[in-house]
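Following: one structure in structure tokens, then a few remarks.
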Amino acid sequence: MFDTFQTYAATAVQSDFFAGGLALGGIGLAAGLLHLSWDRLHSFFARKLCVTVVVDNRLAEFRHVLNWLEQAQAFRRVRRFRLTWTGGRNAGRASFSPSAGRHWFVLDGQLVRLDRDMNERAKAGRSNAPLESLTFTLPFGHRKTVERWIKQGSDLEAKTARIGPGLHIHVDNCWNHVGDVVRRPMATLVAEDDRLHQLRDDVRWFYGAQDWYVARGVPWRRGYLLHGPPGTGKSSAIRAIASDLGQNLAILDISRKTLTDDLLCEAMVEAPKDAILVFEDIDAVFAGRSKDQPDGVSFSGLLNAIDGVAAQEGRALFMTTNHLEKLDPALIRPGRIDQRVRLGLVGADAGEAMFLRFFPEDTALAATFRKQLGDGQYSPAELQGWLLANASDAKAAAEAEALRRPLSVAAE
């Protein structure tokens, strides 16, 4: 039997077909070993000698790094582009950026591989834009290189003319920059005294007082409550303070049923660092909610998010309400709310000042307007609405025909 096997083997070796197959098998084996070796070498190189940074478009850093790379002309050799809108919805601009796929470029002497991926099924937030990610791979590079590009892009955006504070809204469990709100000068606010300027000064002090808080072992947090009848300028005051201090606004709707206690804590911790947190109409959060409908943030969850162990620091928190009497004392105690500012109805003096903002040259008519207002009390929104309606006719505006009545009862 062994002799038979030897005979078959000798015959096969002498066959050209067998020899060719054996040679091909050897080449395939060698190619397989080479491919395996290359994969292992590539994996080792990627792990040990490359830095990889991933940024997605739910983060402001996505916009910042694209802005900087475009400004630095990193994409001048790229041949595949997509037209995108960078910056806020109201103050942004169209620009060309690399399309989805792989791109190579050199910047600051650093070779970079950029992979841009788009997931049509996932959404980046309120804008319903597809979720995108940028993956930077830097051979023999450093993470600080990408951090520097992001910082330079952020500085570039800060220098770009903006119409006012950036507006961030928390949607789909992430913060979205949805545009800018128009800058509101402090001088345009209406109040009977300087309480709003004092409030602005207190917020400015807070943002510069980190060392003061740390030295005293106090959490670096400060809460403000603006209360008063509707139309008295609570939201306008927050916008004006943000404008004056160069802060953005981060609006969080805590009455949203899909927002849980844990998500609220995460949202407050992850809020943009340069933004004032705002909870509007805080009295309405738990209104109409029954034990049979427990969805949403609990009261204890709200308290813990404001000043619990993991609560945010370094950002001012503003709340507004039309009904101070409806708020639980635990919510507005010192430590959670450090200052309460009432914005009420205003009289003829404030009305005259507002008239002069609309008609700066008509001092005589401003005096007439003041006289027509008499001793009544008015909401700033009511006065502004009247003046806007008569913006082309100073004389008609001065007659205050629809305003010659006290509005305190109606506004309350």
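The values are calculated or read from the model by the stated rules, or taken from the named source; none is laboratory data. Not measured: the values here are computed from a predicted model. Note that each Cβ is placed from the backbone with ideal geometry, even for glycine, and that neighbours are counted across all protein chains shown.
Quick notes on this one:
- Among the residues making up the stretch 390-412, those that are at pLDDT 65 or above and of a type in the set (S, T, N, Q) are ASN390, SER392.
- ARG116 passes every criterion in (1) at pLDDT below 90; (2) surrounded by 18 or more Cβ atoms within 10 Å (Cβ to Cβ) apart from (1).
- In the stretch 192-230, residue farthest from ASN304 (Cα to Cα) [restricted to those that are of a type in the set (Gly, Ala, Ser) and crowded, with 20+ Cβ neighbours inside 10 Å]: GLY228
- Residues of the stretch 199-236 satisfying the condition of being of a type in the set (A, V, I, L, M) and closer than 17 Å to PHE318 by Cα: LEU199, VAL203, LEU225, LEU226
- Any hit, the stretch 182-192, residues being free of Cβ contacts under 8 Å to residues at least 24 places away in the same chain, out of contact with any Gly (no Cβ under 6 Å at 6 or more places or on another chain) and under 17 Å from ARG340 (Cα atoms): no
- Counted residues, the stretch 298-329 - those being of a type in the set (S, T, N, Q), in a loop (DSSP other than H, G, I, E, B) and within 25 Å of GLN247 (Cβ to Cβ): 2
- Matching residues in the stretch 151-178 - criterion: being small (Gly, Ala, Ser) and closer than 25 Å to PRO230 by Cβ: GLY164
- Within the stretch 234-264, the set of residues being among the hydrophobic types (A, V, I, L, M, F, W, C) and closer than 24 Å to PRO165 by Cα comprises ALA237, ILE238, ALA240, ILE241, ALA242, LEU245, LEU249, ALA250, ILE251, LEU252, ILE254, LEU264.
- Any hit, the stretch 253-270, residues being in contact (Cβ under 8 Å) with a residue 60 or more places away in the chain and touching a helix residue (DSSP H, G or I) at 6+ places or on another chain (Cβ under 7 Å): no
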